[in-house]
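Enquirer: Have a look at the structure that comes next, please.
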Number of protein chains: 2
Amino acid sequence: MGVVVAFEDKSAAGGSIDAIVALTKADMARVNATILSRTGSEVAMIPEVANHLISSGGKRLRPMLTLATAQLANHRGDGHIKLAASVEFMHTATLLHDDVVDESDMRRGKPAARMVWGNEASVLVGDFLLGQAFKMMVEVGSLRALDILSSAATVIAEGEVAQLAAAKNTATTEDEYLAVIRGKTAELFAAACEVGPVLADRPREEQASCRSFGMNLGIAFQLVDDALDYGGSDVKLGKNIGDDFREGKITLPVVLAFRRGGEAERAFWRRTLEEGEIQEGDLEQAVGLMRRHRALEDTIERARHYGAMAKDALALFPDGPMKRALVDVVEFCVNRTH
Amino acid sequence: MGVVVAFEDKSAAGGSIDAIVALTKADMARVNATILSRTGSEVAMIPEVANHLISSGGKRLRPMLTLATAQLANHRGDGHIKLAASVEFMHTATLLHDDVVDESDMRRGKPAARMVWGNEASVLVGDFLLGQAFKMMVEVGSLRALDILSSAATVIAEGEVAQLAAAKNTATTEDEYLAVIRGKTAELFAAACEVGPVLADRPREEQASCRSFGMNLGIAFQLVDDALDYGGSDVKLGKNIGDDFREGKITLPVVLAFRRGGEAERAFWRRTLEEGEIQEGDLEQAVGLMRRHRALEDTIERARHYGAMAKDALALFPDGPMKRALVDVVEFCVNRTH
C-alpha cells in the first residue's frame, strides 16, 4: 500500500525521524547503492520501471528499521545491508502490484508505472524485484531471516487478497479490518525489525521484542494513514484526501462511522462505498459524518494504543540513542499530520 | 507460458512419459498432497483461485523432473518433495501473472482465473504462491537449492519482460528469441532438474549435467510448442492453433518465415503482428508462408538439436531406468504432435 512518510514535516506535534536517519546514514548509503546495482538488468525496461518508483521519493522507512534494529542488537556483520535492500524490494514489488490491483493512476505524486509502461510491466518487474529480494536474502545465508521474510511475503499477499475479498463491505468489523492491515502493512514492518536481532544472533526474546515493535508500529502507521486520507483528526480538507473514499476502501474511519451512524447514514455509506455511486459533495458529507462520530479522532486514538505497545515492546533493551530514535519514530508516525 | 503436455498422446512418433510417470508415482502423490495443503488459507479466495488452475489438468512435468533427477542422483531425504511443490507453485504463479499480462481469456481449456476472479486476484494469488514456494524452499534448508530457485525466479521475470520489450518486433533475431525462451521457459526446467543432484550433494559436474539437461529440454519443449501453435510440421489446422498469431507473439516460426520471405511477405507479417490488423484468412496465409519457407519443419529441427544436447548432457550418468525415462521425455517432447 503506497504510503510516503512526510519526512519534511519536522513541525509534527511530537516525534521526529531525524535521529534514526542520522544514526543509519552510513548504512543507508550502502543500502541505496545495493538497490541501485540490484535493479540493473540487460533488459532495459527493468531498471526503467524499477527506478521510476524506487527513486520517486519514498524515504525507505522499512529498510531503515532493519538497519536500526540490527544496530540496536549490536550486529557486527554486513548482512543487514542486503536484508534491508530486500525489504525495500519486497515493498516496491507490492506497490507495483497494488497499482495494477487498484487500477491506480498516480503513485507518490507521479504517474503510476502501469500508466507509463502498462500493467504488464508492473506485474513482471514486481516479480523481478521479488526474485531479486529472495536472491539477496539467500546471499546473506541466514535461514532464520529467510524464513521470516519469505513468510512475510505470503502473509502480505494473503492480507491483500483478504482486503480484496472484504472490499466494499461496509459491515466489516474492526477485527477484520485489523487482520487485513496486519497482513498488508504491519507484517513487513515486523519482519523488517525482526531480522536485525536475528542476524546478530540475539536471544529469542529480543527478536520477539523487535518483531512486536515493528508489528505495532506498522498497525499504528496504517491507521494514521487511513485517518489522513480523510484529512486526519483536525479535519482540514487538503488536496490529497479522499482516495480511499473514491476507491471504496473500507478503512477504520469508515468502519467506526458506519457502526455508530443510524440507518440513513448507513444507506449513505452503502451507496457511496458498496455501490460506488459518488456524487458532488459526498466526500464532504463523509468527513462530516466521521467528525460527528469522532471516527477520525478515535482512529488516531487506536493508533496511539498500538504506538504505546510498540514502545513497550522495546522496554527490554537498555536505554541508548538508537532505542530513543526508535521511540521517536513511533511518536512521529502517530503524530504526523500529512 | 501455459503449456499443457498432452499426456494422453501415447501414439506419438517416438518417446513417452509413461516410464517417468511410473518411476515418480509414489513421490508425486506426496507432492500433490503438499500442493493441496500449501494452497490452504483462511482467506477463502486463495485456495479457490489456486486450485482452479492447479487442478485443471496440467500434468506437472516440472516437479516430476525434480523428483526424477533427485532419484537419478540417489537422493535419500525428503527435501525433493517440497522443492518439487515449490517448482510447481513458481510455475503456477507465472501462469496467473501471464494471463494478466497477455489478457488471456482461457487457460488449459477453462476460463482463465482472471476472467472468474479478476486481474486483482490473479496478481495477488500468484504472489501468495510465490511466497509459499519460497517458504517451502526455506523449510528444506538447502542454501544452494534456494540460490538456484530464487535466481530462476528473477531470470524468468527478466525473460518475460524481455518478451514484452520484443513484442511485435518482426525483426527479432533467432538469438534474441532464444534468450527470451531460455528465460521464460527453460530456466525453470533447468532449475527443477538441477536441485535434484544438489539436494543429494552430488559432485558439481552431475549438478551441471542435470541443469544442462533441463535447460535444453526446456528450449526444445518451447520450440515445439511454438510450432504446434501453427499446427506443427505436418500442418493440419486444428482448433487450437493461432493463439500466438492473434496475440502478435514473435516466435521462431515467425522469425524464420519473416527473414526468409520477400518484401511483400514481410509487409504481411508487419501488418498482422506489429500492427495487429488481422483479417479473415490471414492465419491460413501465415501458415502457408511458413510452409513455403519450411519454418515449422525447421523449428522442429532446431528443437531436435536442443533435444540432442539434453540427451548428451545425461551421458555422465550410468545407464538405468531413470536415465532411460528422462531420454524418453526428450523424445516425447520433441515428437509430440499436440
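The values are calculated or read from the model by the stated rules, or taken from the named source; none is laboratory data. On a predicted model such as this, the values are computed, not experimentally measured, just so you know. Glycine also receives a Cβ, built like all others from the backbone with ideal geometry; neighbour counts cover every protein chain displayed.
Enquirer: Do we find that A:Gly183 is under 19 Å from the mean Cα position of the chain (by Cα), surrounded by fewer than 24 Cβ atoms within 10 Å (Cβ to Cβ), among the small types (Gly, Ala, Ser) and at pLDDT 95 or above in this structure?
Expert: Details: under 19 Å from the mean Cα position of the chain (by Cα): yes; surrounded by fewer than 24 Cβ atoms within 10 Å (Cβ to Cβ): yes; among the small types (Gly, Ala, Ser): yes; at pLDDT 95 or above: yes.
The answer is yes for A:Gly183.
Enquirer: Looking at A:Arg259, A:Arg304, A:Arg271, which is the one that is touching an Asp or Glu at 6+ places or on another chain (Cβ under 6 Å), assigned to a helix (DSSP H, G or I) and surrounded by 14 or more Cβ atoms within 10 Å (Cβ to Cβ)?
Expert: Details: A:Arg259 fails: touching an Asp or Glu at 6+ places or on another chain (Cβ under 6 Å); A:Arg304 fails: touching an Asp or Glu at 6+ places or on another chain (Cβ under 6 Å).
After applying the criteria, what remains is A:Arg271.
Enquirer: Quick test of your reading of the structure: B:Glu88 fulfils all but one of (1) within 13 Å of chain A (Cβ to nearest Cβ); (2) in contact with a Lys or Arg (Cβ under 8 Å, 6 or more places away or on another chain); (3) of a type in the set (D, E, K, R). Name the failing condition by number.
Expert: Evaluating B:Glu88 over (1) within 13 Å of chain A (Cβ to nearest Cβ); (2) in contact with a Lys or Arg (Cβ under 8 Å, 6 or more places away or on another chain); (3) of a type in the set (D, E, K, R) leaves (1) as the failure.
Enquirer: Could you check the stretch B:41-77 and list, in sequence order, the residues that are touching a residue at least 60 places away in the same chain (Cβ under 8 Å) and not in a helix (DSSP H, G or I)?
Expert: B:Ser41, B:Ala73, B:Asn74, B:His75, B:Arg76, B:Gly77
Enquirer: Might you let me know whether the stretch B:88-96 holds any residue that is of a type in the set (A, V, I, L, M) and at pLDDT below 95? Step through it out loud before you land on a result.
Expert: If we filter the stretch B:88-96 for residues that are of a type in the set (A, V, I, L, M), which is where we start, we get B:90, B:93, B:95-96.
Adding the requirement that they be at pLDDT below 95 leaves B:95-96.
Yes, because at least one residue in the stretch B:88-96 is of a type in the set (A, V, I, L, M) and at pLDDT below 95.
Enquirer: A further question follows. Tell me whether the stretch A:136-151 contains one or more residues that are over 21 Å from B:Phe128 (Cα atoms) and among the hydroxyl-bearing types (Ser, Thr, Tyr). Reasoning before the result, please.
Expert: Filtering the stretch A:136-151 down to residues over 21 Å from B:Phe128 (Cα atoms) leaves A:139-142.
Remaining after also requiring among the hydroxyl-bearing types (Ser, Thr, Tyr): A:142.
Looking for residues that are over 21 Å from B:Phe128 (Cα atoms) and among the hydroxyl-bearing types (Ser, Thr, Tyr), one finds at least one in the stretch A:136-151, hence yes.
To keep it simple, each residue is scored yes or no on (1) more than 30 Å from A:Ser142 (Cα to Cα); (2) among the aliphatic types (A, V, I, L, M); (3) in contact with a Lys or Arg (Cβ under 8 Å, 6 or more places away or on another chain); (4) at pLDDT 95 or above.
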residue	(1), (2), (3), (4)
A:Ala192	no, yes, yes, yes
A:Lys249	yes, no, no, no
A:Ala267	yes, yes, no, yes
A:Asp282	yes, no, no, yes
A:Gln285	yes, no, no, yes
A:Met290	yes, yes, no, yes
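Enquirer: Let me ask another. Give the stretch B:242-256 a look and list any residue that's assigned to a helix (DSSP H, G or I) and aliphatic (A, V, I, L, M), or say none. Before the answer, list the steps.
Expert: At the first step, the residues of the stretch B:242-256 found to be assigned to a helix (DSSP H, G or I) are B:243-247, B:252-256.
Hits for the stretch B:242-256 are B:Leu252, B:Val254, B:Val255, B:Leu256.
Enquirer: If you go through the stretch A:101-124 one residue at a time, do you hit one that is within 13 Å of chain B (Cβ to nearest Cβ), farther than 27 Å from B:Asp102 by Cβ and not in a helix (DSSP H, G or I)? It would help to see each step written out before you state the result.
Expert: Applying the first criterion (within 13 Å of chain B (Cβ to nearest Cβ)) to the stretch A:101-124 yields A:101-104, A:113-114, A:117-124.
Next, only the ones that are farther than 27 Å from B:Asp102 by Cβ stay: none.
Taking every residue of the stretch A:101-124 in turn, none turns out to be within 13 Å of chain B (Cβ to nearest Cβ), farther than 27 Å from B:Asp102 by Cβ and not in a helix (DSSP H, G or I).
Enquirer: Additional query: Tell me, please, whether a residue that is surrounded by 14 or more Cβ atoms within 10 Å (Cβ to Cβ) and in contact with an Asp or Glu (Cβ under 7 Å, 6 or more places away or on another chain) can be found in the stretch A:280-289.
Expert: Yes; the residues of the stretch A:280-289 include at least one that is surrounded by 14 or more Cβ atoms within 10 Å (Cβ to Cβ) and in contact with an Asp or Glu (Cβ under 7 Å, 6 or more places away or on another chain).
Enquirer: If A:Gly276 passes every condition in (1) at pLDDT 95 or above; (2) farther than 18 Å from A:Phe189 by Cβ; (3) surrounded by fewer than 15 Cβ atoms within 10 Å (Cβ to Cβ) but one, which one does it miss?
Expert: (1)
Enquirer: Does A:Leu53 qualify as being closer than 23 Å to A:Leu326 by Cβ, crowded, with 20+ Cβ neighbours inside 10 Å and away from chain B (no Cβ under 14 Å)?
Expert: Values: closer than 23 Å to A:Leu326 by Cβ: no; crowded, with 20+ Cβ neighbours inside 10 Å: yes; away from chain B (no Cβ under 14 Å): yes.
No: the conditions fail for A:Leu53.
Enquirer: For the stretch B:132-151, enumerate the residues that are of a type outside the set (A, V, I, L, M), under 23 Å from B:Arg204 (Cβ atoms) and within 8 Å of chain A (Cβ to nearest Cβ).
Expert: The answer is B:Gly141, B:Asp147, B:Ser150, B:Ser151.
Enquirer: What number of residues in the stretch A:124-145 are surrounded by 24 or more Cβ atoms within 10 Å (Cβ to Cβ) and free of Cβ contacts under 8 Å to residues at least 12 places away in the same chain? Talk me through it step by step, then tell me what you get.
Expert: First, the residues of the stretch A:124-145 that are surrounded by 24 or more Cβ atoms within 10 Å (Cβ to Cβ): A:124-134, A:137-138, A:145.
Now drop any that are not free of Cβ contacts under 8 Å to residues at least 12 places away in the same chain, which leaves A:124, A:131, A:138.
Looking only at that region, the number is 3.
Enquirer: So which residues in the stretch B:156-179 are crowded, with 20+ Cβ neighbours inside 10 Å and either acidic (Asp, Glu) or farther than 15 Å from B:Leu273 by Cβ (or both)?
Expert: Correct list: B:Ile156, B:Ala157, B:Glu158, B:Gly159, B:Glu160, B:Val161, B:Ala162.
Enquirer: Now for a different question. What is the residue count in the stretch B:152-174 for residues that are assigned to a helix (DSSP H, G or I) and within 13 Å of chain A (Cβ to nearest Cβ)?
Expert: 15
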